[in-house]
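Take a look at the structure below.
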Amino acid sequence: MNSEKRIAELREILQDHNYRYYVMDDPTIADGEYDSLLRELQSLERENPKLVTSDSPTQRVGSHPVSEFGTIKHRIPMLSLANAMNEAELVAFDGRIQKGLDQESVIYMAEPKLDGLGVELVYENGIFIHGSTRGDGFTGEDITHNLKTIRGIPLSLRTNDLPAPPLLEIRGEVFIRKNDFKDLNEKQELNEKSAFANPRNAAAGSLRQLDPTITAERPLSIYCYEAGMINGVEFVDHASFLDSLKKWGLPVNPFIKIVTGSKGLTQFHQELEDRRNDLPYEIDGTVFKVNNYNKRDDLGTRSRSPRWAIAGKFKAQQATTVIHDIDIQVGRTGALTPVAKLEPVYIAGVTVTNATLHNQDEIIRKDIRIGDTVLIERAGDVIPKVMKVIKEKRPNWTKPFQIPSACPVCQHETHRPEGEVILRCGNISCPRQIKGRIQHFASKLALDIDGLGEKIVDQLVNEDLIQSIDDLFVLKQDTLEKLDRLGEKSAENLVEAISNSKDTTFARFIYALGIRNVGEHIAKVLEKQYSGNLTEFQNTTVEDLEAIDEIGPIVAETVIQFWSDDSNKKMVQNCLDYGVRFADVEVNLHQPFAGQTFVFTGSLQQLTRKEAKDILEDLGGKASGAVSEKTDFVIAGSGAGSKLKKASDLGISILTEEEFFDKVKNA
Ligand code: IVH
């Protein structure tokens with residue numbers, strides 16, 4: 001047989017084995033045999049480089065590392081799902097669907113809700129062209145090079161049973177199986193790398209590697225569950241769509257099932273919740289979708305989620321364990337948080353060793369003591385909580401727990417500000433506070449300084465190399481090289497990352513300063529208000545701040561307090577002197593609604609309140625919660641009540657949602 005023929009044959013054999021393994025779950029050869037076929041193909045391709053194609057199974061780790069991710073716009077937005085928190089909400093969902101379709105006994109596709117990362121795969125004429133993360137739903141990151149390393153993703157579609165359409169966009173979830181996760185963490189440990197907290201984090205980290213050879217070593221799986229844009233073939237329902245995916249060689253979760261009516265929803269949900277710990281991967285709920293595609297179209301979508309689907313959330317998982325000790329952690333604002341150190345206990349796929357106890361009041365209310373056996377709950381990604389003490393199991397030596405009155409880090413006196421439940425260390429030079437502030441400054445949503453992790457910050461502060469945020473900008477490579485764990489290359493990268501972080505935005509910088517109560521959103525509000533002018537912001541007054549919609553007296557007070565401290569002013573000035581610069585703030589000069597006040601009432605169909613408000617404010621208008629003489633327009637959604645009446649009593653113009661859109665369009 002000539003090489004060309006053998007190459008074609010080997011590719012087909014390998015594709016067929018992949019199909020059997022990933023789609024049919026019925027492998028017919030051992031891994032070793034598969035590898036030897038792959039090696040044969042590799043050597044033939046090496047001898048005949050002209051015969052290498054991009055969809056050959058040898059090309060999974062073909063590409064070189066990229067220096068950054070490109071972006072890919074989703075032709076059809078990747079929506080998310082509305083949640084049903086309990087069975088009653090699932091039944092209510094079925095009620096809405098029945099009403100919307102004017103039909104009883106609706107047929108749904110029931111699916112497990114995989115706890116991984118949503119991705120989109122694009123096939124053109126059967127060839128995998130590119131793939132991306134969900135991103136913000138409209139634009140994702142181009143992770144083609146990493147997705148190609150996942151063996152469950154066919155590089156070309158199988159066409160034995162069904163021809164490939166010109167365009168096929170598929171959405172699915174990339175995840176890591178529980179046993180693969182265990183192996184992966186063992187391997188991490190062997191290589192002296194830190195363990196991943198859970199399979200989801202490991203999957204996310206693996207997909208965001210710039211170097212695909214790293215991703216290729218991670219045991220990533222995928223199940224496909226939805227369509228993006230498709231040309232050249234039409235499906236009547238979800239069941240036949242998923243069936244075709246399997247024929248094309250795309251893995252589909254074998255646990256999916258057609259169910260009918262609310263009974264079908266609750267039964268499937270209950271069944272899966274009971275079995276969740278026995279499944280080979282983590283799921284965080286169920287997903288129910290109207291099966292018929294015409295009916296989906298009739299129901300339509302809201303701005304963020306389709307009306308025809310819902311995610312059923314599972315109850316938080318619980319376990320009991322013993323509190324060995326209570327640690328006091330000090331945050332970047334000096335807040336003292338008691339944390340229970342637990343006998344390790346496995347809940348919902350992770351080993352839990354810590355649980356927050358919040359504050360002294362909570363400890364007193366639940367009477368939590370060292371030595372107690374407690375009921376722990378973990379829901380999703382949130383920090384585990386102590387629900388209650390199991391008093392029957394309390395040993396007789398326990399005593400009530402009291403948070404010490406001195407800071408456990410710097411021994412400075414603590415105080416409890418009036419009206420607050422949290423104790424705070426009053427020493428702004430407390431090393432733990434300094435570390436916290438610097439970590440916050442460098443974090444993703446702040447200045448996003450890659451490589452400035454907790455261990456490095458610890459060393460920098462402990463060795464007195466930095467005392468304040470602005471000191472970061474004068475760090476030299478040779479200083480950093482002397483730190484543990486930091487080689488020449490990493491030190492160089494870190495200096496560069498710090499330097500690059502100087503090009504930022506006003507909002508990021510304000511958020512990065514860590515002013516109490518000023519989160520990411522408020523920072524953006526401030527950016528808009530002060531058009532990125534820092535001097536104006538520094539000289540603001542309580543009255544000025546409180547006049548801003550969304551800013552109340554608490555935020556106003558902490559902002560003023562921050563600027564009244566000269567050392568803060570000096571630190572910010574130093575940052576600017578070292579080269580921190582803000583990108584221009586885009587202001588919409590077209591403000592046709594300037595000076596006009598709008599009130600929204602009832603529920604809007606096409607936008608959330610927040611979105612409507614954003615549109616309005618962008619055009620200079622103001623949204624208010626109450627109807628008064630000052631109101632110019634009331635937008636009445638469905639179910640509008642007393643505000644509508646008041647508006648008509650006052651003779652104010654009332655618009656429907658559609659009329660509001662027209663007004664926006666014509667503005
Ligand atoms: S369908 C318009 N099906 O859950 C419907 N999503 O909260 C879009 N997910 O971003 C998604 N398992 O990453 C769908 N069987 C499943 C799913 C699933 C997990 C994730 C997905 C999505 C998120 C929505």
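Applying the condition of being surrounded by 13 or more Cβ atoms within 10 Å (Cβ to Cβ) and either modelled with pLDDT of 95 or more or not in a loop (DSSP other than H, G, I, E, B) (or both) to the stretch 49-70 and asking which residue is farthest from the ligand (Cβ to nearest atom) yields L51. Screening L220 with (1) within 11 Å of the ligand (Cβ to nearest atom); (2) of a type outside the set (S, T, N, Q); (3) closer than 30 Å to I347 by Cα gives one miss only, at (1). Of everything in the stretch 83-110 that is part of a strand (DSSP E or B), out of contact with any Ser or Thr (no Cβ under 7 Å at 6 or more places or on another chain) and closer than 30 Å to A197 by Cβ, the residue that is farthest from the ligand (Cβ to nearest atom) is A84. Here is a check on your reading of the model: is P65 within 35 Å of the chain's Cα centre (by Cα) and either of a type in the set (F, W, Y) or over 30 Å from V236 (Cβ atoms) (or both)? The answer is yes for P65.
Test G172 against the stated conditions and say whether it is within 16 Å of the ligand (Cβ to nearest atom), in contact (Cβ under 8 Å) with a residue 12 or more places away in the chain and either part of a strand (DSSP E or B) or at negative phi (or both). For G172, the condition - within 16 Å of the ligand (Cβ to nearest atom), in contact (Cβ under 8 Å) with a residue 12 or more places away in the chain and either part of a strand (DSSP E or B) or at negative phi (or both) - is met. Working only within the stretch 247-274, note down all residues that are away from the ligand (no atom under 16 Å from the Cβ) and under 15 Å from F314 (Cα atoms). Passing the criteria: T266, Q267, Q270, D274.
In this entry, Q318 passes the filter for residues that are over 30 Å from C430 (Cα atoms), in a strand (DSSP E or B) and among the polar types (S, T, N, Q). Count of the stretch 470-502 residues, restricted to those that are surrounded by fewer than 16 Cβ atoms within 10 Å (Cβ to Cβ) and within 25 Å of the chain's Cα centre (by Cα), is 1.
Is it true that T356 is of a type in the set (V, I, T), more than 16 Å from the ligand (Cβ to nearest atom), farther than 24 Å from G116 by Cβ and touching a Pro at 6+ places or on another chain (Cβ under 9 Å)? It is true that T356 is of a type in the set (V, I, T), more than 16 Å from the ligand (Cβ to nearest atom), farther than 24 Å from G116 by Cβ and touching a Pro at 6+ places or on another chain (Cβ under 9 Å). Regarding D25, is this residue without any contact (Cβ under 8 Å) to a residue 12 or more places away in the chain, surrounded by fewer than 18 Cβ atoms within 10 Å (Cβ to Cβ), within 22 Å of S221 (Cα to Cα) and within 36 Å of the chain's Cα centre (by Cα)? Considered against the rule, which asks whether it is without any contact (Cβ under 8 Å) to a residue 12 or more places away in the chain, surrounded by fewer than 18 Cβ atoms within 10 Å (Cβ to Cβ), within 22 Å of S221 (Cα to Cα) and within 36 Å of the chain's Cα centre (by Cα), D25 comes out as no.
I need the full set of residues from the stretch 188-200 which are outside any loop (DSSP other than H, G, I, E, B) and either surrounded by fewer than 16 Cβ atoms within 10 Å (Cβ to Cβ) or among the basic types (K, R) (or both), in order please. Of everything in the stretch 188-200, those that are outside any loop (DSSP other than H, G, I, E, B) and either surrounded by fewer than 16 Cβ atoms within 10 Å (Cβ to Cβ) or among the basic types (K, R) (or both) turn out to be Q188, E189, L190, R200. Kindly evaluate S80 against the criterion of being assigned to a loop (DSSP other than H, G, I, E, B), of a type in the set (S, T, Y) and within 16 Å of the ligand (Cβ to nearest atom). Considered against the rule, which asks whether it is assigned to a loop (DSSP other than H, G, I, E, B), of a type in the set (S, T, Y) and within 16 Å of the ligand (Cβ to nearest atom), S80 comes out as yes.
Give Q209, Q188 a once-over and let me know the one that is at pLDDT below 95 and in contact with a helix residue (DSSP H, G or I) (Cβ under 7 Å, 6 or more places away or on another chain).
Numbers: Q188 fails: in contact with a helix residue (DSSP H, G or I) (Cβ under 7 Å, 6 or more places away or on another chain).
The match here is Q209.
How many residues does the stretch 574-596 contain that are surrounded by fewer than 19 Cβ atoms within 10 Å (Cβ to Cβ) and either of a type in the set (S, T, N, Q) or assigned to a loop (DSSP other than H, G, I, E, B) (or both)? Residues in the stretch 574-596 being surrounded by fewer than 19 Cβ atoms within 10 Å (Cβ to Cβ) and either of a type in the set (S, T, N, Q) or assigned to a loop (DSSP other than H, G, I, E, B) (or both): 16 in total.
Residue pairs whose Cβ atoms lie under 7 Å apart, sitting 6 or more positions apart in sequence or on different chains, and linking a residue in the stretch 76-90 that is more than 14 Å from W308 (Cα to Cα) to a partner that is within 12 Å of the ligand (Cβ to nearest atom), are I76/G228; P77/G137; M78/G118; M78/E120; M78/R134; M78/G137; M78/R171; M85/K313.
Taken together, the residues in the stretch 510-539 that are of a type in the set (V, I, T), touching a residue at least 12 places away in the same chain (Cβ under 8 Å) and over 12 Å from E550 (Cβ atoms) amount to 2. Taking the stretch 396-429 as the range and being within 14 Å of Q360 (Cβ to Cβ) and either among the polar types (S, T, N, Q) or assigned to a strand (DSSP E or B) (or both) as the test, the residues that pass are Q402, S405, T414, H415, R424. Residues that are buried (at least 19 other Cβ atoms within 10 Å of the Cβ) and outside any strand (DSSP E or B): does the stretch 324-335 have at least one? Yes: one or more hits.
Count, please, the residues in the stretch 28-48 that happen to be of a type outside the set (D, E, K, R), assigned to a helix (DSSP H, G or I) and without any contact (Cβ under 8 Å) to a residue 12 or more places away in the chain.
Let us first name the residues in the stretch 28-48 that are of a type outside the set (D, E, K, R), namely 28-30, 32, 34, 36-38, 41-44, 48.
Remaining after also requiring assigned to a helix (DSSP H, G or I): 32, 34, 36-38, 41-44.
In the following step, the residues that additionally are without any contact (Cβ under 8 Å) to a residue 12 or more places away in the chain were identified as 32, 36, 43.
Within the stretch 28-48, residues that are of a type outside the set (D, E, K, R), assigned to a helix (DSSP H, G or I) and without any contact (Cβ under 8 Å) to a residue 12 or more places away in the chain number 3.
Give me a count of the residues in the stretch 123-169 that are surrounded by 17 or more Cβ atoms within 10 Å (Cβ to Cβ), touching a Ser or Thr at 6+ places or on another chain (Cβ under 9 Å) and in a strand (DSSP E or B). Number of matching residues: 9.
So for the stretch 503-522 (the condition being on the phi < 0 side of the Ramachandran plot, surrounded by fewer than 17 Cβ atoms within 10 Å (Cβ to Cβ) and over 32 Å from the mean Cα position of the chain (by Cα)), does at least one residue qualify? Break it down into steps so the answer makes sense when it comes.
Restricting attention to the stretch 503-522, the residues satisfying the condition of being on the phi < 0 side of the Ramachandran plot are 503-513, 515-516, 518-522.
Narrowing further to those that are surrounded by fewer than 17 Cβ atoms within 10 Å (Cβ to Cβ): 503, 516, 519-521.
Now drop any that are not over 32 Å from the mean Cα position of the chain (by Cα), which leaves none.
No: zero hits.
Among the residues of the stretch 552-573, the one identified as exposed (fewer than 11 other Cβ atoms within 10 Å of the Cβ) and among the hydrophobic types (A, V, I, L, M, F, W, C) is I554. As a summary of the residue check, S642 satisfies the conditions (1) of a type outside the set (K, R); (2) at pLDDT below 85; (3) under 37 Å from the mean Cα position of the chain (by Cα) except for the one numbered (3).
Within the stretch 53-71, the set of residues being of a type in the set (A, V, I, L, M) and more than 19 Å from I153 (Cα to Cα) comprises V66 only. Set side by side, the residues D115, D136 differ, and just one is closer than 30 Å to K257 by Cβ and of a type in the set (D, E), which is D115. Checking each residue in the stretch 228-246 for being within 13 Å of the ligand (Cβ to nearest atom) and touching a Phe, Trp or Tyr at 6+ places or on another chain (Cβ under 6 Å) picks out only F241.
Table: residues versus (1) part of a loop (DSSP other than H, G, I, E, B); (2) under 31 Å from the mean Cα position of the chain (by Cα).
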{"position": "F600", "(1), (2)": "no, yes"}
{"position": "D614", "(1), (2)": "no, yes"}
{"position": "A626", "(1), (2)": "yes, no"}
{"position": "K646", "(1), (2)": "no, no"}
{"position": "E658", "(1), (2)": "no, no"}
{"position": "K663", "(1), (2)": "no, no"}
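State yes or no: is F181 within 16 Å of the ligand (Cβ to nearest atom), buried (at least 21 other Cβ atoms within 10 Å of the Cβ) and farther than 26 Å from V236 by Cβ?
Numbers: within 16 Å of the ligand (Cβ to nearest atom): no; buried (at least 21 other Cβ atoms within 10 Å of the Cβ): yes; farther than 26 Å from V236 by Cβ: yes.
Answer is no for this residue.
Across the stretch 358-379, what is the total count of residues that are more than 30 Å from R276 (Cα to Cα) and either among the small types (G, A, S) or buried (at least 19 other Cβ atoms within 10 Å of the Cβ) (or both)? Of the residues in the stretch 358-379, 4 are more than 30 Å from R276 (Cα to Cα) and either among the small types (G, A, S) or buried (at least 19 other Cβ atoms within 10 Å of the Cβ) (or both).
The values are calculated or read from the model by the stated rules, or taken from the named source; none is laboratory data. Since the structure is predicted, the reported quantities are computational estimates derived from the model, not experimental observations. Virtual Cβ from ideal backbone geometry, glycine too; neighbours counted across all protein chains shown.
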